[in-house]
Amino acid sequence: QVQLVESGGGLVQAGGSLRLSCAASGTIISSNYMAWYRQAPGKQRELAAGITGSGTTNYADSVKGRFTISRDNAKNTVYLQMNSLKPEDKAVYYCNLHPIPLYQWGPGTQVTVSS
C-alpha cells in the first residue's frame, strides 16, 4: 500500500519561501502524474501544481510564476518550491496522483503565511 508523507511546511512571512517534500513509499512513482494539492480553511481541496512522469509541469493560475514542482524518481519524492508566498497561500498541502488522487491521503503539511 502506498504511503505519502508530506513535510517542509511552517510559518513564514509574506514574500518568503518554503520547500515542501512528498516522500512516497510502497510503490515506484516515476511514471505517475503526481501533484500537489492544497486545502485552505473552509474551502475545498484544489490542485496547486502537477508534474508528469516525463517532467512536464502545470500550475494553477494563482501560483504560476511563484511555485515550482519537481521530482526525484530515484528517491520517490516530489517537491514544491514556493517563493513570494502570500497570505492566501495559507493551507494544508498534500501530494497525490493526478487527475484522480487514488492514493490514501497523507497527513499533509501546514503552510501559514503572515502578512
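Residues being part of a loop (DSSP other than H, G, I, E, B) and surrounded by fewer than 14 Cβ atoms within 10 Å (Cβ to Cβ): count how many of those fall in the range 34-57.
Matching residues across the range 34-57 total 8.
If you go through the range 67-81 one residue at a time, do you hit one that is farther than 20 Å from A24 by Cβ, open to solvent by less than 60 Å² (accessible area, probe 1.4 Å) and of a type in the set (A, V, I, L, M, F, W, C)?
no
Within the range 85-115, which residues are open to solvent by 60 Å² or more (accessible area, probe 1.4 Å) and not acidic (D, E)?
Of everything in the range 85-115, those that are open to solvent by 60 Å² or more (accessible area, probe 1.4 Å) and not acidic (D, E) turn out to be K86, K90, P99, I100, L102, Q104, W105, P107, Q110, S115.
What number of residues within the range 3-17 are open to solvent by 30 Å² or more (accessible area, probe 1.4 Å) and outside any loop (DSSP other than H, G, I, E, B)?
Residues that pass the stated criteria total 5.
Could you grab me the full set of residues in the range 18-28 that are farther than 15 Å from L80 by Cβ and open to solvent by 60 Å² or more (accessible area, probe 1.4 Å)?
Residues satisfying the conditions are G26, I28.
Looking at S31 and the list (1) modelled with pLDDT of 95 or more; (2) within 21 Å of L102 (Cα to Cα); (3) open to solvent by 50 Å² or more (accessible area, probe 1.4 Å), which single condition is not satisfied?
Exception for S31: condition (1).
The values are calculated or read from the model by the stated rules, or taken from the named source; none is laboratory data. Remember, predicted model here, so these are calculated numbers, not experimental data. All Cβ positions, glycine included, derive from the backbone under ideal geometry; neighbour counts span all protein chains shown. Ligands, DNA and RNA are stripped out before the accessible areas are found, and what is left, the full protein with its side chains, is counted by its heavy atoms. Shrake-Rupley method; radii C 1.70, N 1.55, O 1.52, S 1.80 Å.
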